[in-house]
1. For the stretch 16-175, what class follows from the C-alpha gyration tensor (a ≥ b ≥ c being the square roots of its eigenvalues): rounded when a/c is under 1.5, otherwise prolate if a/b is larger than b/c, else oblate?
2. List HIS143, HIS86, HIS49 from most exposed to least, where exposure is judged by having the fewest other Cβ atoms within 10 Å.
3. Around ALA73, what is the net charge, scoring Lys/Arg as +1 and Asp/Glu as -1 over all other residues with Cβ under 14 Å from its Cβ?
4. At 0.36 nm per residue, and after removing the present C-alpha to C-alpha distance, how many nm does the segment from ALA83 to ARG167 gain when stretched out fully?
5. How high is the relative contact order of the chain, in percent, with contacts defined as C-alpha pairs under 8 Å that are six or more residues apart?
6. Pick from ASP25, ASP46, ASP159 the residue whose mean-square fluctuation is largest in a GNM of the chain, springs joining Cα atoms under 10 Å.
7. With each run of n ≥ 4 DSSP H residues scored as -39500 (n - 2.57), what mean residue ellipticity at 222 nm is computed for the chain after dividing by its residue count and rounding to the nearest 500 deg cm²/dmol?
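What follows draws every value from the coordinates through simple rules; no lab data is involved. Everything numeric here is computed off the predicted structure, so don't read it as measured data. In this analysis, Cβ positions are derived from the backbone assuming ideal geometry, glycine residues included, and neighbour counts consider all displayed protein chains.
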Amino acid sequence: MIALPLPEPPLAGTRYGLRLWTPEDASALAAAWADPEIRRRMPVPDPAHEAAAANWIGGCAGRRTAGLALDLAVVDLSEPNRAVVHGEVGLSAVDRDRGIARIGWWTAPAHRRRGVATEAVSLLAQWALGPLGLEALVAEVDHDNAGSLAVARTAGFEDLGRPVDGRTVLIARPPGVVEGGITGRV
């Protein structure tokens, strides 16, 4: 496996930025995992306590080094030390040979409906489909998760039109690339 590089410089949008998880984030991660909406939408440890969160954070570097995943905390750039975690965005199931990965995200309850996920997903997708060199990102979203469906579509993902296990599958490709080849807009 080839290690996944870190975005350099770190990814920053107009309001939010992405950074590595730190041990100090364990309580914020545990609180997010305790949120019923996050628990319903994604696999989280049970119990979702601070020790489990610290253990997960401790494994982030190993997953990245093994080329398996890149998990980033979403922070508000206007906060001086950028310590408050507003959400998470990450790549998983990374297949560098095929040029594809999954992208996933969540937003902490207190920060929802403020554009956190939309900006974070857009930042990571642009980097993954640009400098990282992936050819496609796949997002799997529960069909009843209107917020995440809107995030994906706003970030440039398109429905594949083939639901999988009740989930809507969306795909993003670099500009000018469509399934089966390159468009004339490159």
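1. rounded
2. HIS143, HIS49, HIS86
3. With Lys, Arg at +1 and Asp, Glu at -1, the neighbours total -4.
4. 26.9 nm
5. 17 percent
6. So, out of ASP25, ASP46, ASP159, the one fluctuating most is ASP46.
7. Taken over the chain, the calculation gives -8500 deg cm²/dmol.
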